[in-house]
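Before any comments, here is the structure.
What follows draws every value from the coordinates through simple rules; no lab data is involved. What you see is a predicted model, and the numbers here were worked out from it, not measured in a lab. Virtual Cβ from ideal backbone geometry, glycine too; neighbours counted across all protein chains shown.
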Amino acid sequence: MTFRIDHSSRLPLHFQVEELMRKLIELPKYQSGQFLPGEVELAKKLGVSRNTIRQATNKLEYEGLIVRKKGYGTKVAENSMNTQLDNWHSFTQEMNEKGISYANYLIKAELVECDEKVAAFFNIPIKKEVVKLSRLRGDKNGPFVYFESFFHPRIGISLSEDFSEPLYKLLEEKYQTPVTLSQERIKARPASDITSKILKIKKGDPVLIRERFVSGPGEKPVEYNIGFYIAEKFTYSIEIRR
C-alpha cells in the first residue's frame, strides 16, 4: 500500500491518517498479531505531529478496531467486527415500525462538558460543552433501556426540542443534518450500581451495552450514543447476505 498523505489536500491531516490506518490494520501481518508502528515512527514517516496520529488512533480504538497494551504497543483487536448497516432507525422509529407500545420514563437535555471519548470522536477539545440527551424508556411493566446521546456542537441543537419525537427525523428536517452511517459496538456487562438503579434491576444483572458512533455525509460525526438494555428484553439481530 502507498503509505503517505497529501499535505496540500483540503482533507484534514488526522482524517487522512485515519484512512491510512484503516488500510494498515487490514494487512495480514497486523491481522495475525504483529504490533503496529508506534506514534513516533508514524509521525516521522508521514510528516505530521504525534497529536495528529493520536487523534486518528483514538477513533479506531473507540470503534474497537485496535487495542493498546501499555508498555508494549498497539495491536489489531482480536475478532473485531465493524458492522455497517444500510437500514437503521432511532428507537422511536424502531418501536413504531414493530407496533410496540413504549413509555418515556425520563427525557432530559442539558449542556455538559464532553469527556475524552466524545471529544475524540467529535474531534473537539476535551471539556468543550455539548448537548447531552438522557432518555429512559420502556413499556407498561417498567423501563428496559437507558440512552445517553451527545451531539456535535456544530449542529446547534436546542435544549428545548421535543425529544419524544423521532430523533433522526428531527436532525434531518429541522437541523439539515441527515445521518447516513452508524458504527456500533455491543457488549454484555453486569449492571453497575448506577445502571441497576436507573433500570430498576439488581446490581450484577446482565445488561447489553450498545454504543453508536453516528455520522452524516462525508463521515462527519453527528452523535455519540450509548444505550444500556436489560439483556432479557433485547435481541440484536443482523441479517447478512452473501
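Three semi-axes describe the equivalent ellipsoid of the range 13-76; taken as square roots of 5 times the Cα gyration tensor eigenvalues and ordered largest first, they are 17, 13, 12 Å.
Taking label positions 7 Å along the Cα-Cβ direction at both ARG154 and LYS169, the computed distance is 2.7 nm, reported to one decimal. Within a straight-line Cα-Cα reach of under 21 Å, LYS202 can be paired with the following lysines, leaving aside sequence neighbours fewer than 8 residues apart in one chain: LYS140, LYS187, LYS233. Taking amide H as placed 1.01 Å from N in the peptide plane, LYS200 has no amide H partner under 5 Å among residues 5 or more places away or on another chain.
The phi-based Karplus calculation (6.51 cos²θ - 1.76 cosθ + 1.60; θ = phi - 60°) puts the 3J(HN,Hα) values of the range 102-118 at 9, 10, 9, 8, 7, 9, 9, 10, 7, 8, 9, 7, 6, 8, 5, 5, 5 Hz, whole numbers, x for Gly and Pro. Counting every other Cβ atom within 10 Å of each residue's Cβ, SER149, SER9 order from fewest to most as SER9, SER149.
When the alpha carbon coordinates of the chain are projected onto the principal axes, the ranges are 58, 40, 38 Å, largest first. Among PHE150, PHE122, PHE163, the largest mean-square fluctuation in a Gaussian network model of the chain, built with springs joining Cα atoms closer than 10 Å, belongs to PHE163. Taking 0.36 nm per residue of separation and subtracting the current Cα-Cα distance, fully stretching the chain between THR2 and GLU116 would add 37.9 nm. Over the C-alpha trace of the range 91-233, radius of gyration and Dmax come out as 15.2, 42 angstrom. Taking 0.36 nm per residue of sequence separation and removing the Cα-Cα distance, the GLU219/THR180 pair yields an extension gain of 13.2 nm. Among GLU184, GLU26, GLU39, the residue with the largest mean-square fluctuation in a Gaussian network model of the chain, with springs joining Cα atoms closer than 10 Å, is GLU26. In the chain, helical runs assigned H by DSSP with n ≥ 4 each contribute -39500 (n - 2.57); averaged across all residues and rounded to the nearest 500, the mean residue ellipticity at 222 nm is -7500 deg cm²/dmol. Return the subset of LYS75/LYS220; LYS59/LYS203; LYS23/LYS59; LYS59/LYS128 for which the Cα-Cα distance in this structure is over 23 Å, preserving the input order. Result: LYS75/LYS220; LYS59/LYS203 exceed 23 Å. With contacts taken as Cα pairs under 8 Å and at least 6 residues apart, the chain reaches a relative contact order of 14 percent. Remark on ASP205: its backbone amide H falls under 5 Å from those of ALA191, a criterion applied only to residues 5 or more positions apart or on other chains, H modelled at 1.01 Å from N.
Looking only at ARG50, ARG210, ARG135, which one moves most when the chain is put into a Gaussian network model with springs between Cα atoms under 10 Å? Its mean-square fluctuation being the largest, the pick is ARG50. With neighbours defined as other Cβ atoms within 10 Å of a residue's Cβ, the residues ILE194, ILE5, ILE155 order from fewest to most as ILE194, ILE155, ILE5.
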